[in-house]
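Engineer: Shown below is the structure under consideration.
The values are calculated or read from the model by the stated rules, or taken from the named source; none is laboratory data. Note that the structure is predicted; figures quoted are calculated from it, not measured. Cβ: placed from backbone, ideal geometry, glycine included. Neighbour counts: every protein chain shown.
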Amino acid sequence: MTTHVQTQYQKKLCSAEQAATLIQSGDKVFMGEFAQNVEAVDAALALRSHELRDVILVTTTRARPLKCVEADPKGESFLWNDWHFSGLGRKFGEKGLAGYIPLCYHQGPQNVELYEEPDVAVVQVTPMDANGFFNFSTSCSMTPSYCRKAKKVVVEVNTKTPRCLGGLDETIHISKVFAVVEGPNSPLLQLPEAIGSEADRMIANHVMGLLEDGSTIQLGIGALPNIVGAMIAQSDLKDLGVHTEMLADSYVDMYEAGRITGKRKAIDREKMVYTFAMGTQKLYDFLDNNPVAAIFPASYTNDPATIGRNPKVVAINNAIEIDLFTQVASESAGPRQISGTGGQLDFIMGAYKSEGGKGLICINSTYKKKDGTIGSRIVPTLSPGTIVTCPRSVVHYVVTEYGVAQMKAKSAWQRAEALINIAHPDFREQLVKEAEGFGIWRRSNKLV
């Protein structure tokens, strides 16, 4: 390490309490993304809640509670705005302490650079390297854009984060940093394994039938993608590639089983491309200084045009509800925000651009209501107030435990028929009646 960068580092080194004084009432403050949870500055800000007012905190999903928001139960000092709700986002949103920012994920960095004016960006990073660079570790989707736009950048060094190699914007130089805070060096969030149902396993079997040697895969979050990943690891599929937004433990399993090589990708060949990672220590250890994985901003990973350059892209994502018009709801139940658009729309569109690509909306046909009865997730119309995540015009494949329906080039009644064919049998006749009532179904149509 040169004397020059060492000198800069020492000049900018300060306590979390000192860094927190950079934030004033009315400021907008970016507080990081996903597993990279700012801790020390957050705790120091919480101690100032009595003296600050109307500070807007921005994250892209928060994996652990923001102490400063917890310290301000009336929401007078801090308001938390999130680009993608987690369970924490929902919890605080229902209390009026957090708000969701709608977006197409691939447009996120551009949204920041065009329309955001952050006063301070506080981000968790790896220790500085010999050349004066800090690495953004597992979260690179919008962090670089916030660091470019912020008037002041504070980096919080965590010695337990992996150094994630990348293709663009995965680092920031000491010369662009206003203040450096060290510690508390907590381990990254360990994401618990989501346990799937028998229906999830049936859906995963259908998904496996749509995969081919040389497919480029994107898995969303949840039990179903984990099951698909496990099935791929145990399959005889060859030369799969990875171009995704989230990298999870299942990718490590697939890679170590020899299923992932990336040899047949058209771009970023032999690289597992992603924009953020969340999982267990197994994943973080795998990523540390590993050139097989490449992290990029979301403007690259999630751009449908970029996604579509690889062949046989299979994008695998979940949904909450889908109606007979094939509108897909994946982020809200009525007006209640549950998550966010995320990259689902990006990857459904990108997979369709890919030669041989398939964008999959995977959904259990039923769910259990609060009273213990069973409801259909394929519904006549979306529940009042429900947000449409994927408009019907972009929906490609829908998969339930009862089969696969391809929607492109189908009329409204053909789409309804295809959906009803993969709905739970107990609800099919009622769905037919509803479709007749809407004028999108003729009784002469025959169910398969």
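Engineer: Among 238, 265, which is the only one that is more than 16 Å from residue 283 (Cβ to Cβ), in the same structural domain as residue 318 (by TED's automatic domain parsing), surrounded by 22 or more Cβ atoms within 10 Å (Cβ to Cβ) and not hydrophobic (A, V, I, L, M, F, W, C)? Break it down stepwise before answering.
Structural biologist: Numbers: 238 fails: surrounded by 22 or more Cβ atoms within 10 Å (Cβ to Cβ).
Sole residue among the options that is more than 16 Å from residue 283 (Cβ to Cβ), in the same structural domain as residue 318 (by TED's automatic domain parsing), surrounded by 22 or more Cβ atoms within 10 Å (Cβ to Cβ) and not hydrophobic (A, V, I, L, M, F, W, C): 265.
Engineer: Which one is farthest from residue 194 (Cα to Cα) among residues in region 321-338 that are surrounded by fewer than 22 Cβ atoms within 10 Å (Cβ to Cβ) and either under 16 Å from the mean Cα position of the chain (by Cα) or of a type in the set (Ser, Thr, Tyr) (or both)?
Structural biologist: Across region 321-338, the extreme among qualifying residues is 337.
Engineer: Hey, another quick one. Exactly one of (1) closer than 27 Å to residue 244 by Cβ; (2) surrounded by fewer than 23 Cβ atoms within 10 Å (Cβ to Cβ); (3) in contact (Cβ under 8 Å) with a residue 24 or more places away in the chain is unmet by residue 114. Its number?
Structural biologist: Checking residue 114 against (1) closer than 27 Å to residue 244 by Cβ; (2) surrounded by fewer than 23 Cβ atoms within 10 Å (Cβ to Cβ); (3) in contact (Cβ under 8 Å) with a residue 24 or more places away in the chain, the one that fails is (3).
Engineer: Based on this model, can you work out whether residue 227 counts as of a type outside the set (Phe, Trp, Tyr) and either at pLDDT 95 or above or assigned to a helix (DSSP H, G or I) (or both)?
Structural biologist: Details: of a type outside the set (Phe, Trp, Tyr): yes; either at pLDDT 95 or above or assigned to a helix (DSSP H, G or I) (or both): yes.
Answer is yes for this residue.
Matching residues to (1) under 15 Å from residue 248 (Cα atoms); (2) modelled with pLDDT under 95; (3) touching a Lys or Arg at 6+ places or on another chain (Cβ under 7 Å); (4) among the hydrophobic types (A, V, I, L, M, F, W, C):
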| residue | (1), (2), (3), (4) |
| --- | --- |
| 268 | no, no, no, no |
| 275 | yes, no, no, no |
| 291 | no, no, no, no |
| 294 | yes, no, yes, yes |
| 300 | no, no, no, no |
| 309 | no, no, no, no |
| 318 | no, yes, no, no |
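Engineer: Counting only residues that are part of a helix (DSSP H, G or I) and more than 26 Å from residue 340 (Cβ to Cβ), how many does region 7-53 have? Please lay out each step first, then the result.
Structural biologist: Restricting attention to region 7-53, the residues satisfying the condition of being part of a helix (DSSP H, G or I) are 7-12, 16-20, 40-46.
In the following step, the residues that additionally are more than 26 Å from residue 340 (Cβ to Cβ) were identified as 7-12, 16-20, 40, 43-44.
The total comes to 14.
Engineer: From the residues in region 358-378 that are in a strand (DSSP E or B) and charged (D, E, K, R), which one is modelled with the highest pLDDT?
Structural biologist: Restricting attention to region 358-378, the residues satisfying the condition of being in a strand (DSSP E or B) are 358-362, 366-368, 374-376, 378.
Next, from what is left, pick out any that are charged (D, E, K, R): 358, 368.
Values: 358: 98, 368: 94.
Only one residue fits best here, namely 358.
Engineer: Right, something else. Which ones in region 127-157 are on the phi > 0 side of the Ramachandran plot and crowded, with 23+ Cβ neighbours inside 10 Å? Let's see the steps before the verdict.
Structural biologist: Quick first cut of region 127-157, residues on the phi > 0 side of the Ramachandran plot only: 132, 137.
Across region 127-157, the qualifying residue is only 137.
Engineer: If you check residue 141 against the conditions, is it in contact (Cβ under 8 Å) with a residue 24 or more places away in the chain, in contact with a helix residue (DSSP H, G or I) (Cβ under 7 Å, 6 or more places away or on another chain) and assigned by TED's automatic domain parsing to the domain that holds residue 8?
Structural biologist: Working: in contact (Cβ under 8 Å) with a residue 24 or more places away in the chain: yes; in contact with a helix residue (DSSP H, G or I) (Cβ under 7 Å, 6 or more places away or on another chain): yes; assigned by TED's automatic domain parsing to the domain that holds residue 8: yes.
Criteria met by residue 141.
Engineer: Please go through (1) surrounded by 22 or more Cβ atoms within 10 Å (Cβ to Cβ); (2) under 19 Å from the mean Cα position of the chain (by Cα); (3) more than 15 Å from residue 362 (Cβ to Cβ) for residue 280 and return the number of the only condition it doesn't satisfy.
Structural biologist: Checking residue 280 against (1) surrounded by 22 or more Cβ atoms within 10 Å (Cβ to Cβ); (2) under 19 Å from the mean Cα position of the chain (by Cα); (3) more than 15 Å from residue 362 (Cβ to Cβ), the one that fails is (1).
Engineer: Filter region 333-356 down to the residues that are over 21 Å from residue 87 (Cα atoms) and without any contact (Cβ under 8 Å) to a residue 60 or more places away in the chain and list them by number.
Structural biologist: Correct list: 348, 349, 350, 352, 353, 355.
Engineer: What are the residue pairs meeting all of these: first residue in region 424-435, first residue without any contact (Cβ under 8 Å) to a residue 40 or more places away in the chain, second residue crowded, with 19+ Cβ neighbours inside 10 Å and part of a helix (DSSP H, G or I), Cβ atoms under 8 Å, and 6 or more apart or on different chains?
Structural biologist: 428/420; 432/420
Table: residues versus (1) within 29 Å of residue 347 (Cβ to Cβ); (2) assigned to a strand (DSSP E or B).
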residue	(1), (2)
60	yes, yes
65	no, no
85	yes, no
91	yes, no
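Engineer: Among the residues of region 141-162, count how many are of a type outside the set (A, V, I, L, M) and not in a loop (DSSP other than H, G, I, E, B). Walk me through how you get there before you give the answer.
Structural biologist: Step one: filter region 141-162 for residues of a type outside the set (A, V, I, L, M), giving 141, 143-149, 151-152, 156, 158-162.
Okay, now just the ones that are also not in a loop (DSSP other than H, G, I, E, B), so 143-149, 152, 156.
Adding up the residues that qualify gives 9.
Engineer: Every residue in region 181-204 that is exposed (fewer than 14 other Cβ atoms within 10 Å of the Cβ) and either of a type in the set (Val, Ile, Thr) or part of a helix (DSSP H, G or I) (or both), please.
Structural biologist: Those that are exposed (fewer than 14 other Cβ atoms within 10 Å of the Cβ) and either of a type in the set (Val, Ile, Thr) or part of a helix (DSSP H, G or I) (or both): 195, 198.
Engineer: Let me ask you something else. How about region 239-296: which of its residues are aliphatic (A, V, I, L, M), touching a helix residue (DSSP H, G or I) at 6+ places or on another chain (Cβ under 6 Å) and not in a strand (DSSP E or B)?
Structural biologist: 252, 254, 257, 283
Engineer: Among (1) in contact with a Gly (Cβ under 6 Å, 6 or more places away or on another chain); (2) farther than 23 Å from residue 415 by Cα; (3) modelled with pLDDT of 95 or more, there is one condition residue 352 misses while meeting the rest; what is its number?
Structural biologist: Of the numbered conditions (1) in contact with a Gly (Cβ under 6 Å, 6 or more places away or on another chain); (2) farther than 23 Å from residue 415 by Cα; (3) modelled with pLDDT of 95 or more, the odd one out for residue 352 is (2).
Engineer: Given the conditions (1) of a type outside the set (A, V, I, L, M); (2) surrounded by 15 or more Cβ atoms within 10 Å (Cβ to Cβ); (3) under 15 Å from residue 315 (Cα atoms), report the number of the one that residue 209 does not fulfil.
Structural biologist: Going through (1) of a type outside the set (A, V, I, L, M); (2) surrounded by 15 or more Cβ atoms within 10 Å (Cβ to Cβ); (3) under 15 Å from residue 315 (Cα atoms) one by one, residue 209 breaks only (2).
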